[in-house]
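Here the structure is laid out as structure tokens; the discussion comes afterwards.
FYI, it's all coordinate maths here, none of it is from the lab. Computed from a predicted model, the values in this text were never measured in an experiment. All Cβ positions, even for glycine, are placed from backbone atoms using ideal geometry, and neighbour counts span all protein chains on display.
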């Protein structure tokens with residue numbers, strides 16, 4: 001059967017991998033504080049710089065050098081990129097099926113390029129990604145659609161034949177900016193009610209990986 005989509009772009013955190021605890025571990029070590037998973041999920045989505053700024057404000061931590069604080073966070077995260085991080089149920093099997101069907105996969109993340117690659121290589125050692133795009137200086141941070149457009153050109157696929165899958169309002173805006181078909185997952189770092197309040201249409205929310213599979217195969 002001919003696939004319904006010719007390429008798929010995934011967000012990373014909260015979409016294909018549950019990274020909350022490892023991000024929380026790095027932020028906690030940086031600020032010498034403890035945060036709940038719900039707090040970490042509120043902090044993330046727009047890059048680790050914004051995450052550490054949000055976490056600092058949450059506990060009243062004053063820092064006059066955000067760059068130094070970010071580098072401290074990145075050092076801790078690079079030291080232990082994967083301790084608790086795991087794929088969400090059914091994701092690994094779905095990625096294998098995409099590989100087996102010859103459908104190119106891209107991961108588009110607002111975290112640093114080397115960390116994104118490390119986490120993906122550890123958690124998905126047998127999956128081939130046609131493109132992994134993190135913050136590497138080549139593309140603007142999401143919700144910019146630059147990396148999606150570049151990926152479509154790389155794999156010679158029209159934007160209308162591409163599916164974007166994410167879990168946040170940032171991903172929603174990214175997909176809209178790219179003009180591609182998209183779905184927003186409700187198992188990730190944003191609660192369903194928060195997604196709806198942020199303007200994500202109810203009809204694009206999905207709660208099961210098979211709902212994504214049905215859009216591709």
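Details
- Kirkwood hydrodynamic radius over Cα pairs of region 20-79, then Stokes diffusion coefficient at 37 °C and 0.692 mPa s, in µm²/s: 296 µm²/s
- Label zone of residue 83 (point 7 Å out along Cα→Cβ, amide N under 16 Å): in region 42-57 this covers no residue at all.
- All C-alpha pair distances within the chain, sorted into 5 Å bins from zero, spread as 1, 7, 16, 20, 20, 17, 10, 5, 2, 1, 0, 0 percent across the bins.
- Computed from label points 7 Å out along Cα-Cβ, the spacing between residue 58 and residue 177 is 2.4 nm.
- Of 81, 201, 125, the one that fluctuates the most in a GNM where the chain has Cα springs shorter than 10 Å: 125
- Considering only 77, 88, 61, the Gaussian network model of the chain with Cα springs below 10 Å gives its largest mean-square fluctuation to 61.
- Coarse-grained scattering of region 115-217 at q = 0.12, 0.19, 0.24, 0.25 Å⁻¹, given as base-10 log I(q)/I(0) from a Debye sum over alpha-carbon atoms: -0.43, -1.13, -1.45, -1.46
- In terms of surrounding Cβ atoms within a 10 Å radius of their Cβ, 191, 142 rank from fewest to most as 191, 142.
- Gaussian network model of the chain, springs between alpha carbon atoms under 10 Å - residue of 95, 31, 163 with greatest fluctuation: 31
- Rounded to 5, percent antiparallel among DSSP beta bridges of the chain: 10 percent
- Here residue 113 and residue 38 are evaluated by their C-beta separation; at R0 = 22 Å the FRET efficiency comes out at 0.20.
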